[in-house]
Structure formats: structure tokens, C-alpha cells
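The next block holds one structure in the form of C-alpha cells; read it before the comments.
Just so it is clear, none of the values below were taken in a lab; they were calculated from the coordinates. None of these values were measured; they are calculated from a predicted model. For neighbour counting, all protein chains shown are included, and Cβ atoms are generated from backbone atoms with ideal geometry for every residue, glycine included.
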Amino acid sequence: MKILVLIVSISVACAGENVWDSNWPQWRGPQANGVAPHGNPPIEWSETKNVQWKVAVPGRGHSTPIIWRDQVFILTAIPTGKQAKPSVVPDGPNAKMVDPASEAQRFTVMSLDRATGKVRWQQTAREQVPHEGFHRDHGYASGSPITDGKYLVAYFGSNGLFCYDLTGRLLWQKDLGRQRTRYAYGEGTSPALKNHIIVVLWDNEDDDFIVAIDVRDGKELWRQKRDEPTGWSTPLIIEHKGRWQVVANGTNKVRSYDLSTGELLWECGGQTLNAIPSPVAGQGLVFVTSGYRGNAVYAMRPDGHGDIAGTPAVAWFRKKHTPYVPSPLLYGNLLYLISWNNAVLSILEATTGNALVEAHRFEGIKQVYASPVGAADRVYLVGRDGNAVVLRNKGAIEVLARNRLDDGFEASPAIVGNQMFLRGRQSLYCLSNNR
């Protein structure tokens, strides 16, 4: 009996040590770089092959699901049918691309059973008419939730920040104000979480800020003003030489803040308008990209101070073939970049910026919003039209498989174990090797 207890204790301890990397607890995965360290999802799939389950998701939302142990969490906005006069009428050159806020929405948090896809619980965080519309390619639930295994944080932007336990019990909620986004395109950033500190980036056409909130009680810890136009990037929390930093992408500047105090540590200009991609970090560097009305990818050492532009703290930079919507994938020493929103891929050596593959186009995939992900030394690229390609993780193009599903995908894939979760416009898929 003592031997059995010892074996169980050791097994639990080992599982606990790897629990973070063995889940997909946040936008861009456990390491916030798009990689599932212990993942091994299928290489091939179709509507009739390697689909463990497929369930319809009510409402609309393009946020990536997150997974913790046996639960899959997703956010969605469900129309109620209650019509209202839009409070903001879209204008400007792209007004035809904006759906006005003319109907009340139920901002909803859902937990699905990872094995079956059945709803375990569902909570309406808030029901109201949004104050602003959204770009027709996404909706009112474009940010991903985040969990540390105890708390689940759901962020609907101007429609509220909500904290639940993993059984669906609301612990607290908080309003941060109302954003006025460029051309009324809507909101789409996700929160970051580390050491009980939630970080929310609030870049819009009015007053901007970055704010830290205690996940345990919802109390504000610090707030720093920012000078940025509307952005949709999710902040990245990294540790460097014993200090936790928050790196935030932005059109005017990339900035790093002390996680505990909010102190501005370093900053660097050089990005483009409409900053959307999230930073990634590894190999001792932070990589920040943007790709609207220009191209920029910067590799920066996180030990700089003040304005690091033009200093050795900038390891390298390039000005071509960078993503507009998709975030980069950092897999070992390889940095994968989508060009614009097209199925055009460049692979760079992360430490040097040398291009190993320059703007390779994948025929048959029309457009890409989903960020590429990696697992089992493979890279997964999913298109908006349901087509996908699986590549070998190396500095050359080696296609392992081409796949297709009937749905279209703006949300990025999430990988846990031998499963990959794909949130489409209509359905959530769980793809599995069935082994």
C-alpha cells in the first residue's frame, strides 16, 4: 500500500509539473508562441476522417477556444432578436464592411466536455445592445478567454471583463469603459494572465491605457496611459532575468512594462498601422510584427532601457512579407510569418532574421486569418475557406498533408494531446488521431 501511495504521489507531482504545457490555457497556447509542446494531433482529416466530434456553436465569435484538463472554453455573442437603433452609424471609406449594432446580444461563456463536445455549463455574462458595430469578418466575441487552472477570465471588451471559477460560478465582473474603434471595426484583443495579474490592453481612438487587475478580487493594481490608435494585439508576458515584463504591440511603439508596477521599461518604434499580431518570445528575443500599409518584423532583446530604436537591443528587423491579422509562430529557432492575410509563408531563422523560405504561396487556400500553430515537429496552417496544409517544421517547405472541412475558419487552432480544436463559423471541431 505504501508503495502504491508513493507511485501515485510521484505521478501526480509529475503531472502537476507539466500541467500548464499539457493544456492550451490562453491565446497562442501554453508558451504564447503557438506551439503545443506535448501535442500530437492528426496530420490528415476531413468531415469523415479523424473527427472525434463536431458541435454547432450558437451565436457568433471568432475567438480561439482554450482547454484546461477535461473542459473546452469558448466565448460567443448570441443575438436575442431584440432590435435597437444603432448608437454609432458606421462612416468612412470602409463603412460598407461594418455591421451596425442594431440587436441586443447575449455575451456568453461556454464550457464543453473535451471528450464529447457536450455543454457542461453555459453562462450569460451580460445581455445588452453593443454601443458599436463590428467588422463583418468577425463579431462581438473575438478575444479568447484565459485560465490559470483556478480562475477563468472572459473578456468582451467594452461589454465587460468577467471572472469565473471552472464550474461556471461568477466571482466578479468589471467595466473598463467604452472603446471607439477605428471605422467602428470592433474589438478583438485577449487578456494576459500571470502571477494572479490580469493585463488588458485598451488601444482605441479615444484615451488609451494598459491596466493590471488582480484575478482574485477584480481590484485594479496599476494603469498606464498610452498614445496609440486602435489596435487589436494581445499583450505578451515574459520573464527575463528574474523580472516579469508585459510586451505590448502598437502602431506607434512597441512597449514593455514591469508586470508588478506598470513601470515603462523599454520601447521601440517601427510598426505599421492597425497593429494586430501578438508578440512572441524565445531564443532570448521578443519578435513583434505588423503588416497593414507596410511591413515590419523586429527582433528585440528584452534587457534594453528607454527608447531602444537604433541600439544593439534591436537584434534585427525586416520590412517585407509580414502578417496583417495572423500572429507569428515561433517553433524552436524558426519564425513563421504569413504575408498579409494570404496563404503566403516565409520562414526566418529567429536568431538572425535570415530568410530560409521567402514568400512561398500555397495554392488552393484563398485567405488566412488563423495564426499558424505547431506540434510534434509539424506546422498547421488553416485557411478561411476550410482548406488547410500541414508542413514539416524545418527551414524548407515540405508538405505532409492537405485537408479540407466544410466550415470556414477565422479562429486559430488549439492543440492538446492528440486533439486539435478548430472553431469554425458554424461549428467547433475536435480532430483526433482516435488512438
Projected onto the charge dipole of the chain (unit charges on the beta-carbon of Lys, Arg, Asp and Glu, signs +1, +1, -1, -1), the Cα from TRP232, ASN433, LEU381 with the largest positive-side position is that of ASN433
Sorted from fewest to most neighbouring beta carbons within 10 Å, what does the list ILE365, ILE347, ILE397 look like?
ILE397, ILE365, ILE347
Would you work out the relative contact order for the stretch 173-312, in percent, from Cα pairs under 8 angstrom that are 6 or more residues apart?
16
So if we plug the beta-carbon distance of LYS174 and VAL19 into 1/(1 + (r/R0)^6) with R0 = 30 Å, what FRET efficiency do we get, rounded to 0.05?
0.65
Describe numerically, in nm with one decimal, the distance between label points set 7 Å from Cα along Cα→Cβ at ARG223 and at MET97.
3.1
Any chance you could list the semi-axes, whole Å, largest first, of the equivalent ellipsoid that the Cα gyration tensor gives for the stretch 62-168, using √(5λ)?
29, 13, 12
Only four residue types carry charge here, +1 at the Cβ of Lys and Arg and -1 at the Cβ of Asp and Glu. Report the dipole size of the chain about the Cα centre in Debye, rounded to the nearest 20.
720
Ranked output for segments 145-156, 305-316 by mean other Cβ atoms within 10 Å, highest leading, reads 145-156, 305-316
Relative contact order of the stretch 64-187, pairs being alpha-carbon contacts under 8 Å that are 6 or more residues apart, as %
25
What is the mean projected area of the alpha carbon convex hull for the stretch 226-281, to one decimal in square nanometres?
3.7
Paramagnetic reach from LYS82 in the stretch 92-126 [backbone N under 19 Å; point 7 Å along Cα→Cβ]:
100-109, 123-126
Can you tell me the FRET efficiency between THR311 and ASP206 if r is taken as the Cβ-Cβ distance and R0 is 25 Å, rounded to the nearest 0.05?
0.15
Nearest-0.05 FRET efficiency for GLN128 and VAL55 at R0 = 22 Å, using Cβ-Cβ distance, is 0.25
If you add up the charges near LEU264, with Lys and Arg at +1 and Asp and Glu at -1, over every other residue whose beta carbon is less than 9 angstrom from its beta carbon, what do you get?
-2
Per-residue ellipticity at 222 nm attributable to helices in the chain (runs of n ≥ 4 DSSP H, -39500 (n - 2.57) apiece, nearest 500 deg cm²/dmol) works out to -1000 deg cm²/dmol
Out of ASN204, ASN342, ASN94, a Gaussian network model of the chain with alpha-carbon springs under 10 Å gives the largest mean-square fluctuation to ASN94
Translational diffusion of the chain, µm² s⁻¹ [Kirkwood Rh, Cα pairs; Stokes-Einstein; 10 °C; 1.306 mPa s]:
73
Report the full-extension gain for the segment SER427 to TRP121: residue separation times 0.36 nm, less the Cα-Cα distance, to one decimal in nm.
108.4 nm
Which whole-number percent is the relative contact order of the chain (Cα, under 8 Å, 6+ apart)?
15
Going by how many other Cβ atoms sit within 10 Å of their own, how do LYS394, LYS82, LYS253 line up, fewest first?
LYS82, LYS394, LYS253
Sorting check: for 354-364, 112-122, which peptide has the highest mean count of neighbouring beta carbons within 10 Å, and how do the rest follow?
112-122, 354-364
Provide the gained length on full extension for the span ILE397 to HIS240, in nm with one decimal, where the gain is 0.36 nm per separating residue minus the Cα-Cα distance.
53.2 nm
Among TRP266, GLN367, THR251, whose Cα sits farthest toward the positive end of the charge dipole of the stretch 222-368 (+1 at Cβ of Lys/Arg, -1 at Cβ of Asp/Glu, about the Cα centre)?
GLN367
Compute, for the stretch 64-187, the length of the dipole vector about the Cα centre, with Cβ point charges of +1 (Lys, Arg) and -1 (Asp, Glu) only. Units Debye, rounded to 20.
140
Magnitude of the Cβ-charge dipole of the stretch 234-326, K/R +1 and D/E -1, about the Cα centre, nearest 20 debye?
400
Please compute the volume of the convex hull spanned by the alpha-carbon atoms of the stretch 223-317 and report it per residue in Å³.
88
Which order, highest average first, do 49-56, 216-223, 334-341, 423-430 follow once you tally other Cβ atoms within 10 Å for each residue and take the mean per peptide?
334-341, 423-430, 49-56, 216-223
